[in-house]
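S.K.: Here it is: the structure, laid out below.
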4 protein chains.
Amino acid sequence: MVTVSIVNVTSYTGLELLRMLARHPEFRVTCVTGRSAAGKRLGEVFPQLGVSQPELASLVLANEADATDLAFLCLPHAAAAEAAIKLLQRGTKVVDLSADFRLRDAAIYEEWYKHTHPAPALLETAVYGLCERYRAQVERAELVANPGCHATAAILAMLPALEAGIIGSDIIIDSKTGISGAGRNPTPGTHFAEANEDVSAYGLDGHRHLPEIIQELAAATGAGAHPVDGRPRVSFVPHLIPMTRGILATCYADLRSAAMTGAEVRSLYERHYENEPFTRVVDAPPHTKWTYGSNLCLIYPTVDQRTGRLIIVSCLDNLVKGASGQAVQNANRLFGFPETTGMPGIAVFP
Amino acid sequence: MVTVSIVNVTSYTGLELLRMLARHPEFRVTCVTGRSAAGKRLGEVFPQLGVSQPELASLVLANEADATDLAFLCLPHAAAAEAAIKLLQRGTKVVDLSADFRLRDAAIYEEWYKHTHPAPALLETAVYGLCERYRAQVERAELVANPGCHATAAILAMLPALEAGIIGSDIIIDSKTGISGAGRNPTPGTHFAEANEDVSAYGLDGHRHLPEIIQELAAATGAGAHPVDGRPRVSFVPHLIPMTRGILATCYADLRSAAMTGAEVRSLYERHYENEPFTRVVDAPPHTKWTYGSNLCLIYPTVDQRTGRLIIVSCLDNLVKGASGQAVQNANRLFGFPETTGMPGIAVFP
Amino acid sequence: MVTVSIVNVTSYTGLELLRMLARHPEFRVTCVTGRSAAGKRLGEVFPQLGVSQPELASLVLANEADATDLAFLCLPHAAAAEAAIKLLQRGTKVVDLSADFRLRDAAIYEEWYKHTHPAPALLETAVYGLCERYRAQVERAELVANPGCHATAAILAMLPALEAGIIGSDIIIDSKTGISGAGRNPTPGTHFAEANEDVSAYGLDGHRHLPEIIQELAAATGAGAHPVDGRPRVSFVPHLIPMTRGILATCYADLRSAAMTGAEVRSLYERHYENEPFTRVVDAPPHTKWTYGSNLCLIYPTVDQRTGRLIIVSCLDNLVKGASGQAVQNANRLFGFPETTGMPGIAVFP
Amino acid sequence: MVTVSIVNVTSYTGLELLRMLARHPEFRVTCVTGRSAAGKRLGEVFPQLGVSQPELASLVLANEADATDLAFLCLPHAAAAEAAIKLLQRGTKVVDLSADFRLRDAAIYEEWYKHTHPAPALLETAVYGLCERYRAQVERAELVANPGCHATAAILAMLPALEAGIIGSDIIIDSKTGISGAGRNPTPGTHFAEANEDVSAYGLDGHRHLPEIIQELAAATGAGAHPVDGRPRVSFVPHLIPMTRGILATCYADLRSAAMTGAEVRSLYERHYENEPFTRVVDAPPHTKWTYGSNLCLIYPTVDQRTGRLIIVSCLDNLVKGASGQAVQNANRLFGFPETTGMPGIAVFP
C-alpha cells in the first residue's frame, strides 16, 4: 500500500480526496492535517464521515504531514510551495492542488499572485498534471501541479483544435461554475440567500486561471516556451452559477478554413481523445449534471455555419476532474497504477 | 408625510422595508442607520438601489436615528431595547422587529436571552404587533413588538381553533423556513454549497420563538396572563430549507369532538379571518411561492379523519408578513392609515 | 381607464402581466382568454390570485378577446399573428409578446419558423418595441412587436458601441437564462430533478432569437434596412441555468482603436442611456438578482486590456424587462402615459 | 456472477440501480427493459452512460425481462405484480420497488390503490425488505417488497422506541422529500420554475405510504397481524422540498415515563442499531446532504424536556436507502452476500 497524506484536509477538495481514497485499493490515507482543526478527529470536522467511515473518521488532524509516500496539498498558494519543499526533501511525492507550480515562469506567477515565488527552482521539475497532454512526464515526476478547474475545462476543449492548427489565435472562453469552486470559507457572495436565483460574471479584470490557460494554449500551438509571447489572444470570463458543483466552458474561435465542416471537426476531436479514459467527445450538448461526482470531462465541438466559428462546449465536476479526481488520476500515474484505479463511477443523476 | 427612520438598514429586513416604503404614499424614509456602514451611501451597501431608486440610494447612513415620527428597529435583541428607550423619549413611535418586547414577562425573556432585560418598564406598554389579534391595541400604541416569523405563521394557524376551544392542549408545530431567516451574516450553515440540496432540523433544544408562541397560544385559550402557566403543551421544531424566502408551518392538535368535520372547521376558520386583508383561508394546501414578496399569510385547516386530528398548514414570506411587511402593516395602523396602504401586491410567481 | 385584454393569460407572461396591471392606475383588465382553460375563473388557474386579488380572480376565461382598447398577446407564434389581424381590424391596439412581428423580412421569418407568415402586410407597420431605440415609433404604433428576452439583453448591451462605431463586426453573445424562459409547459428539460444542479448550452444550431438580434445590430450599424446584408457576424449561444428568473448576457467584440480606455467606453455608455428609466449603466458587474421582479436592464461595459476587446455584461428579469414588463412599458408609450406608470419598483432581494 | 434484469430501467430508480450495479462485483446486468424505449440502447435513454460505461450503454432495451437469476422491478403498482408472477414462475428472484407486495392485507391494498390485487397469493410469501427488521426472512425469500422511501425513514426512526415500549400510541410523522421522489415524468408540480423556492404539504387526505407505515409500526408494538386493528394512531404529512434528493422525517410521540432522559433514549437507540451497516444513530441533528448518493439512514432521537415528548429526526437519500440502494442491500442478502457488497461509499458532499 502507498501511504498518503492529505494536507489541509478541511477544505472541500480535501473531503473529496477522502471520498475517493476511501475506496482506492492502492492508496491508504494515514495522515491528515488542518491548521485550524489540528487535534480534532476527522469525524468532528466532517460529521458525515463518522457514520460511514469510522476508520477515516478517527484519524486525528496533525499540524504537519508525516513522511508518507505521497502527499496531496490542498493549501492556498505560497503555503503550498513551502510545504512542497519540505515534503520533497523527505522523499514524499507531491500532487499540489494549488496554483504554485502551474506557471513555468516565476515572473508571471509574481505578476498574478503579487509575491515572490517561494520555490522557483522547483518550477523546472514540476509537471503540469494534465494527463491528456503530459502523461509521460507525470509518470516520471516528483511534483505534479494539478491544473485549475476552469483551466482544465478550457484547455481540454481547445487542445485538439490548437494542436491541429485549424483555428486562429482569437479565443474567447466563457466559463460557468458552481459555488463550491469558491471554497469552504463563507462570504457574502456564497450566502445561499444571495447566490440562489443569481448569475454574475466575475474576474473581469483578469482571473488567475488566465495565465495558466494562455501558457497551455500557447504551448499547444507550438508558439514557444515563454507563454506571454505566445500567440493565443484569450479572453476568459468566469461566471458564478447557483449550483454546488460543475463547470461548463463555452469556447469560441475562428476556423482557418471556411470549408471545414462540423463532421470533420468532430472526427478530429474524437480521434484526439479516443483512448482517454475520462475525457470524452459527446454527440449532443453536454450537461454538467452528467458529470456530477464523476471524473469525466465531456466535450462537444460544433461549427457555427453562419459565421465559420468553431464553438466547443466542455464540462466537468469542478471538485473531481477539476480538482481532487484529477489529482488522484495524476497520483495513479505517478505510482504506475492504471489511471482509472479507484475512481468514482457513473455520475450521481438526477 | 410621516418621516421614518430605519435603524440598522443593512440587514435583510432593512432592505425589505426600503422596498416597501419606496412605494408608500404616506411614509417617507429620511434617516437610515447602520453600524458597520456608517458614512456610506445606501447605494454602496445595496448597489441595486442605485439604479432603481437614486433618491433612496443617496441617503447617507448615520450612526444614530434622527427624531423622525416613526422608527423601525432592525437591530439584534438588547440593542433594540436600548435604541427604543431613546427614541420613545424623543417622541418617536417605534416598531421593533427584534424580540425585545414580544415577551410580556421579563423573567421569561431573561431565561431565553440570557441577559437582563434593558427596559422592563416598557414591557407593560409595548403591544404585540399581530393586527389579526391586537388591532385595537396597536392603534393606540407607542411601541409595537413585531412578531417573529415562525411565530406569526404558527399563531395565525392556531388562533381560530384555540379561541373556539375545539382542540386540546397538545400542539405540535413543525416549521420549515428559507435561509434568509438566518440573516445576512455569512456562516457555514448559510454557504450555498452546504445549504443547497439539504434539509435539517435545528433548535431542537428550544428555539427562541417558542416562548413567544406559547405566550400567544396560552392567551388565546384564555389561560391567564402568565404564559408558562398557560395550558398549551407545545413542541416547536424549525427546519432549514434550501430556498431564500418562505415559511410553511404544519400544526397538529387533537380535536375535542370526534364528530367535528373538516367542513365545520373550515367554516370556523373562514369566519374568523373573513375581514382580514392579509390572512386568508385557502381551499387547497398552500405553497410558500404563492406568497413570495407579498404580505399574505395563507391558512389551510383540515381534519385527519383516521385520527381525529386537526392539521393546519400555514405559510407566508418570512421577510414580508414574517417581518418587514407586518412591520409596515403595524405602522399603518399606528398612524391611522388603512393597513393595506403601500403594501406589495400579487406575489412574484413563478 | 383603458380596457385591456390578456390573450392566453395562462402562460407565465400572462400571469406576470396580471401582476403589473393589478396595480396600474390607467389600465384595467376586463378580458382574459386561455384556450385550455376557457370557462374557468382566473382564480382556479392561478390559486394565489384568489387570495390577493379577488376581483381579478373572478374573471372568467373567454375563448376570444373582447373589443378592448388594448390587447396583450401571449400566444405562440403564428397563432399570435392570426389573433392580431382580427384585433386590429376591430380597432384594438396590440402588444404582441410572440416573435411574429419582430422580423421585418417575411422570408427570414419563414426560414426560421418554417411556415408562411400569416400576416406579412402587417410587418410594415409593426414597430419593434424597444423603447430605448424606437420610442417615437412606438408612440405612433397600432401594433408593437415586443422583443425577445435574450434579444433585449443582447441588443441593449451592444447598441451604444454599434451606434458609436467603436467596434468591429465580430460579435459573440453568450447568454444565460433561468428556466421560466422555457414556458409553463412541463418537459423533461424543465423537471426540477434534472434542471437543478445543471448547466447546459442549447440552440447551438441556431436559436430563434438570433435573426432578431442580427436585424437590430445591423440596423444599429447603419448597414441598411435588409438585415441579412447587415455586417455583424454574430454567434449567439444561450445556456439554461438552474434558477427561475433572470438573463445575463456576456458580449464580446473587438474595439477598433487600441487606444480606447475602459473609462471612455463607460462614459459613452452612460451618456447613451442617461435618460432611460429602466436601462442603466452600473459600475460593478451586475447580478441578475438585482433585477428580480423589476423592469431594469443593467449594463456593465469593460475593456479587456490584454486583448483590446470590449466585454459587455447585461442582465434583466426575463419575465419583466424581457417580456411582460417591457410590454407594459410599450403599452404606456402607446397610450401616451409616462413609461414608468404602474411599473414594479425595487427588485425583490434577497 | 448473478445475472440481473432491471425492469423499467428508464425510471430514476432504474438509473440508480445501474449506478450501483455497474460497480457490483457479484451482480451483472444482462437485461434491461423499458416500455416506451424498447429497442433503444441504454446510452440513448441516459446519454451520460455512453461516456462512462460503454458496455452498459450498449445494452438494448427489451420489452420483457429474460430469465435472469434476479430481477429488480421499477414498474408502477399493479404492473409490478403482474411482472412478478411471471418472473417467479421462471425461477427468477424478485426485488419489487413498487408498493404491490408491501401490504400484507389485500383488502387494505385495494382500499388505497383502488383496484383488485393482481396476485394476492404472493402476499403470504413476500417479505417486507427492511433488513433492519426482517433480515432473516429476506435471506430466505423469493420475492422482496422494497419499502417506500418515506416509510423507510419513518419506520427506522420509530422502531427502537416502539419495540422497547417507551412511547404511547400517538405518533406524528412530518416528512420532507426532494422532488426526484415524484418520478421522472414531468408535471406542473415538478417544473423547476414552480418547485424552486417553494415548499408545500401534499397527501393530506392520506398518502399511500401511510398504511405501510401503520402496518410496520403496529407490528413493532406487537399489536397483532392485522394492521388496521393496530394501536398506533399515526398522522403522516409529506412535504415537497426544492431539492433533488433526500428525505428528512421528524417524528413526534409521547414518552410513557416522564423520568426518561434524552441520554437513556439515545443509548437505547444506539444499542438497537449498533450492528447495522447503514442505519446509524448520530449525535447532532443530521442533514440530508450527509447521505447524498449513499445508502445511509441517519437517526437522531432527542427528548423535548418541556413537554416530555420524544422527537426523532431521521434522514436518507430517497433514491438510495429509500429505493435502489435498499433494493441492492436486499438483493445482497437474498443471494447470501454481505449487505455492504458493491454499495456506494461516502456521500457526495458538498
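The values are calculated or read from the model by the stated rules, or taken from the named source; none is laboratory data. Every value quoted in this text rests on a predicted model; they were computed, and no experiment measured them. Ideal geometry is used to build each Cβ from the backbone, glycine not excepted, and the neighbour counts take in all protein chains shown. Just so you know, the surface numbers come from the protein's heavy atoms only, side chains and all, with ligands and any DNA or RNA stripped out. Shrake-Rupley method; radii C 1.70, N 1.55, O 1.52, S 1.80 Å.
S.K.: How large, in percent, is the carbon and sulfur part of the accessible surface of the range D:47-132 at a probe radius of 1.4 Å?
M.R.: In the range D:47-132, the share of accessible area belonging to carbon and sulfur is 52 percent.
S.K.: Would you work out which of B:I241, B:S169, B:H207 lies farthest towards the positive end of the dipole of the range B:164-258? Charges go on Cβ: Lys and Arg +1, Asp and Glu -1.
M.R.: About the Cα centre, the residue reaching furthest to the positive side is B:S169.
S.K.: Rounded to the nearest 0.05, what FRET efficiency is calculated for B:R35 and B:A136 with R0 set to 41 Å and r the Cβ-Cβ distance?
M.R.: That pair, B:R35 with B:A136, gives E of 0.70.
S.K.: Hey, another quick one. Taking all protein chains in place and a 1.4 Å probe, what share, in percent, of the accessible surface of the range B:241-329 do carbon and sulfur account for?
M.R.: The nonpolar share, carbon plus sulfur, comes to 45 percent.
S.K.: Got a sec? Which residues of the range B:331-350 lose 50 Å² or more of accessible surface with every protein chain in place, vs. that chain alone, 1.4 Å probe?
M.R.: With the partner chains in place, the range B:331-350 has these residues losing at least 50 Å²: B:I346, B:V348, B:F349, B:P350.
S.K.: Over the range B:260-307, what relative contact order in percent results from Cα pairs under 8 Å that are six or more residues apart?
M.R.: Over the range B:260-307, the number comes to 42 percent.
S.K.: Any idea how far apart C:D66 and B:R266 come out in nm if each label point goes 7 Å out from Cα toward Cβ?
M.R.: 3.1 nm
S.K.: Quick one: label points 7 angstrom along Cα→Cβ at D:R140, distances to the other copies in nm, smallest first?
M.R.: Nearest to farthest, the other copies are at 6.6, 7.7, 9.3 nm.
S.K.: Now for a different question. Once both labels are modelled 7 Å past Cα along the beta-carbon direction, what's the C:F335-C:E44 spacing in nm?
M.R.: 2.9 nm
S.K.: Something else about it: Report ³J(HN,Hα) in whole Hz for each residue of the range A:292-307, in order, from the Karplus equation J = 6.51 cos²θ - 1.76 cosθ + 1.60 where θ = phi - 60°; Gly and Pro get x.
M.R.: 4, x, 10, 9, 7, 10, 9, 10, 10, x, 8, 10, 7, 4, 5, 10
S.K.: When Lys and Arg each count +1 and Asp and Glu each count -1, what net charge do the other residues less than 14 Å away from C:Y269, Cβ to Cβ, add up to?
M.R.: -4
S.K.: How large is the accessible surface per residue of the range B:1-53, computed with a 1.4 Å probe and reported in Å² as a whole number?
M.R.: Accessible surface, normalised per residue, equals 33 Å².
S.K.: Would you work out the charge dipole size for the protein assembly as shown about its Cα centre, treating the Cβ of every Lys and Arg as +1 and the Cβ of every Asp and Glu as -1, and quote it to the nearest 20 debye?
M.R.: Approximately 0 debye in magnitude.
S.K.: Something else now. Give the interface area between chains B and A as buried accessible surface, both sides summed, probe 1.4 Å, in Å² to the nearest 100.
M.R.: What B and A bury together is about 1500 Å².
S.K.: Specify the residue with the greatest mean-square fluctuation among C:A327, C:A119, C:A218, computed from a Gaussian network of chain C linking alpha-carbon atoms under 10 Å apart.
M.R.: With Cα springs under 10 Å in chain C, the top fluctuation among C:A327, C:A119, C:A218 is at C:A119.
S.K.: Now, a different point. In debye, nearest 20, what is the charge dipole magnitude of the range D:1-131 about its Cα centre with +1 on Lys and Arg Cβ and -1 on Asp and Glu Cβ, if you could check?
M.R.: The calculated dipole for the range D:1-131 is roughly 300 debye.
S.K.: How much mean residue ellipticity at 222 nm does chain A get from its helices, if each DSSP H run of length 4 or more adds -39500 (n - 2.57) and you divide by all residues, to the nearest 500 deg cm²/dmol?
M.R.: For chain A, the value works out to -8500 deg cm²/dmol.
S.K.: Also, I was wondering about something else. Once you keep just the Cα pairs under 8 angstrom separated by 6 or more residues, what percentage relative contact order results for chain B?
M.R.: Over chain B, the number comes to 17 percent.
S.K.: Going 7 Å from the Cα of C:E274 in the Cα-to-Cβ direction, what parts of the range C:292-334 have a backbone nitrogen less than 19 Å from that spot?
M.R.: Counting only backbone N, you get C:299-301.
S.K.: Given the pairs A:K40/A:K86; B:K176/D:K321; B:K40/B:K86; A:K176/B:K321; C:K289/D:K289; A:K86/A:K176, which are separated by over 28 angstrom at their Cα positions?
M.R.: A:K176/B:K321; A:K86/A:K176, as the Cα separations exceed 28 Å there.
S.K.: To continue, here is another question. Note down the relative contact order for the range A:259-350 as a percent, whole number, built from C-alpha pairs under 8 angstrom at least six residues apart.
M.R.: Relative CO of the range A:259-350 lands at 28 percent.
S.K.: Could you provide, to the nearest whole Å², the per residue accessible area of the range B:116-261 with probe 1.4 Å?
M.R.: Dividing the accessible area of the range B:116-261 by its residue count gives 30 Å².
S.K.: Next up: If R₀ is 51 angstrom, what is the calculated FRET efficiency for the pair B:D283 and A:T125, using the beta carbon separation as r and rounding to 0.05?
M.R.: With a Förster radius of 51 Å, E is 0.10.
S.K.: Relative to the longest principal axis of the C-alpha atoms of chain B, give the angle of the C-alpha long axis of helix B:262-273, reported between 0 and 90° and rounded to the nearest 10°.
M.R.: So the helix axis and the longest Cα principal axis differ by about 30 degrees.
S.K.: Continuing with this model, one more query. Between the DSSP loop rule and a limit of at most 14 other Cβ atoms within 10 Å, which chymotrypsin sites (Phe, Trp or Tyr not before Pro) in the range A:14-111 are left?
M.R.: Listed in order of number, the matching sites amount to none.
S.K.: Output the 0 to 90 degree angle, nearest 10, between the alpha-carbon long axis of helix B:325-334 and the longest principal axis computed from the alpha carbons of chain B.
M.R.: Once rounded, one gets 80 degrees.
S.K.: Considering amide H positions built from the backbone, and no H for Pro or chain starts, which residues 5 or more places from D:V199, or on another chain, come under 5 Å of its amide H?
M.R.: Sorted by chain and number, the residues that satisfy this are B:T288, B:K289.
S.K.: Please report the net charge: other residues with Cβ closer than 10 Å to the Cβ of A:R309, K and R +1, D and E -1.
M.R.: -2
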